[in-house]
Every structure is written in C-alpha cells, then in structure tokens.
1. For segment 297-328, which residues satisfy the criterion of being over 22 Å from residue 164 (Cα atoms) and in contact with a Pro (Cβ under 9 Å, 6 or more places away or on another chain)?
2. Pull out all pairs, ordered by first then second residue, where Cβ-Cβ is under 6 Å, the residues are six or more apart or on different chains, the first lies in segment 30-58 and is touching a residue at least 60 places away in the same chain (Cβ under 8 Å) and farther than 18 Å from residue 316 by Cα, and the second is open to solvent by 30 Å² or more (accessible area, probe 1.4 Å) and in a strand (DSSP E or B).
3. Which ones in segment 51-72 are farther than 19 Å from residue 228 by Cβ and open to solvent by less than 40 Å² (accessible area, probe 1.4 Å)?
4. With the structure loaded, tell me whether residue 122 is in contact with a Ser or Thr (Cβ under 7 Å, 6 or more places away or on another chain), open to solvent by less than 70 Å² (accessible area, probe 1.4 Å) and under 29 Å from residue 75 (Cα atoms) or whether it fails that test.
5. Pull out all pairs, ordered by first then second residue, where Cβ-Cβ is under 7 Å, the residues are six or more apart or on different chains, the first lies in segment 254-270 and is under 12 Å from residue 227 (Cβ atoms), and the second is of a type outside the set (A, V, I, L, M) and open to solvent by 60 Å² or more (accessible area, probe 1.4 Å).
6. Confirm whether residue 327 is in contact with a Leu (Cβ under 9 Å, 6 or more places away or on another chain) and open to solvent by 60 Å² or more (accessible area, probe 1.4 Å).
7. Just the residues that are exposed (fewer than 14 other Cβ atoms within 10 Å of the Cβ) and not charged (D, E, K, R), please, taken from segment 294-323.
8. Got a sec? Which of 277, 270 is open to solvent by less than 20 Å² (accessible area, probe 1.4 Å) and at pLDDT 95 or above?
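The values are calculated or read from the model by the stated rules, or taken from the named source; none is laboratory data. None of the values given here were measured: they were computed from a predicted structure. Here Cβ is always computed from backbone atoms with ideal geometry, including for glycine, and neighbour counts include all displayed protein chains. Surface areas here come from the heavy atoms of the whole protein model, side chains and all, with no ligands, DNA or RNA. Shrake-Rupley method; radii C 1.70, N 1.55, O 1.52, S 1.80 Å.
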Amino acid sequence: MSENAVIGDKRVLTADFLPNRMVHRGHERQEIADALRPLTEDQKPRNVLLYGPPGTGKSTMARYVVERMQEHMSLASGYANCWRYPSRFKLYHTLLQDMGEKMIHRTGTPTDELVDKFEEKVRRRPAVVVLDEVDQIEDERILYDMVRYNRTGLIMIANNENVFYDLDERIRSSLSSRKNIRFQAYTEEEIMDILRDRRQWGLRDGVINDESLRKIASRANGDARMAINSLRIAAEEAEKEASEQITAEYIEEAVPQARDMNESESLEKLNDDQKILYNVIKEENEIRPRNLYDRYREEVERPKVERTLRNYLQEMEKYRLIESKGKGTGTKYVLKQ
C-alpha cells in the first residue's frame, strides 16, 4: 500500500458489503424480525416480500436480519439471486451450497436429488431462505415448494409489489398471507449517514470531507448502491494518482461511472419481454403506451397481457431505465436521462 493511500479497507467500499450495523431502516428491520420470530419458538414464521426501488437496502437488510438471528439460535440460511440462478436446479444448488452442503455436483445431478437434500436440511432445524430478484424466477414451483416447509421462513425481494400477479392461482394463494414491507428511496441525509459510515470504516482519516460526500449524496437519487460505488470509484482514482485527498474532480468523474454501472446492471436483469419494450422505447425516443404495446406484439409470438406489460414498465421505471411523462391519454415513455 502506498504512503499516500486513501483506502483503508476496500471491502467496506463495495455496495454488497454487509456492515456490522445498519444505518437507518430500523422500522423495516423490526418488521422482518417480527415476521420471522416464530422460528425462535420452533413455530411457522410469516413469509415476507421486501419491495422498492434498487439501492434501498432490501438485500442488505435481509442478510443482516438473518445474521443477527443466527447469533441467538441455530438457524440454517440460504441466499440465491434468481436473476443469476433462475432455474429450479440452479436455485436449489445455490441454496444448498450457501447452507454448507459440500457434496453437490452440478454435472448429472437430478433436480429431485437436490430438492430431497434441501428438504432434509430444513427439516433438521429452522431455516430462512432469501430469494433475491424473485421476479426473475423461471420455475414458480420453487415458491410453492418453499411455503410447504413449516419451519422455513421465506424472504422474497423485488422492485414491484405486484410481482406475483401473474403466478398460478395455487401459488398466489399459498403466498397470500405474506407480509409486504416497502423500502422507499433514501433521503439525501440518510445517504449522507451511510457514506459517513463507509468513510469511517473504509477510508483513511481526513481524505474526504462532508462537503465532498454531499456532492455524492445529492446526485445519488436516493440510491445507496450508486452512492457507495461513486465513493469507491473516486477513492480508487485518488489512490491511483497518489493523491492525499478525494477531491471534487475525482467525484465529478466517479458519479457518471457509477450511474453507468447501475444502468448496465439493470439492463442485464431485464427479461426478454422487458428488453423488447426497452428497445422499442429507445428506437422511438418517446412513445405512447398503446403504440408501445402494438410494437411489442409485433415482435413476440406469445405476448403478455397488458397488465403484465404495465407491471414490467413500472419495474423498469424503478430501475431508472425509463420514465413516463404526462398523464392519462397524454402519457409517453422515454429513456431515463
């Protein structure tokens, strides 16, 4: 590490780092804990859906609550991102690995064998399963599987509260008693507190002041992930140039890079239908909903119903990829600037 290094612990400057304490979100944390509390008495917990825009702390809070519970009880836990692992096989494989199962081989292992191993684990002791990006799941049966286990709590994470509207009626019914917990965009002051916390544990003393942190917070649009990535990119650039300070110039360069990272990650998460909608909007610059739906139907063999398309568009707005302008019949969709 160079003499002028500004970074103390680079892990702290990553958006996926799980801190020892959560800044803000106390109400949401308590609601998740209350839903899962029956597990401490060997009872069936209440499943939960965490929903809200990207960068609002949903995934971090889910992992945080599970870790705190494991400090006080014997609890199995598994986390899977349904965007990265959308199939039933991949999800069970990932959950088992996260639960410490070492004897799983990808090649030639039947899915039913993985399901059996998973059931064996969750029947042995209480468990919590976190399914992130649950709207990207390919096989809905896994949701039906999960709610059957009496001592397993299910935390599902999505951008949209309406994520289950198009599921099979039997699965929707099994999930109807879930607790929906909304995560709103952070305020600028909340982003400042998060950045101060990362500065304290991730950077060397005195390398960035509150005024510079404010430049990041004011441009993060309530997205903690973007703010933390901006801070990390600026710190890395300052260190590369052997600077003793993270100056405004580094921040001005870092913020657009962090925004581009967010956009790229969000585009990758779109399903095939959403990608078609996005590309049509991109081609047209601006387009009315009716014309957008017509163009979409021209591109696909089995088009989704309009309600599903509206949900897709709402989700893309929460990803900050597109935005709607106007109201009623005057509504138009454009790419987010």
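1. 297, 324
2. Note: pairs meeting the criteria are 35/179; 46/179; 48/179; 49/180.
3. 51, 65, 66, 69
4. yes
5. 255/219; 262/225
6. no
7. The answer is 300, 305.
8. Of 277, 270, the one residue that is open to solvent by less than 20 Å² (accessible area, probe 1.4 Å) and at pLDDT 95 or above is 277.
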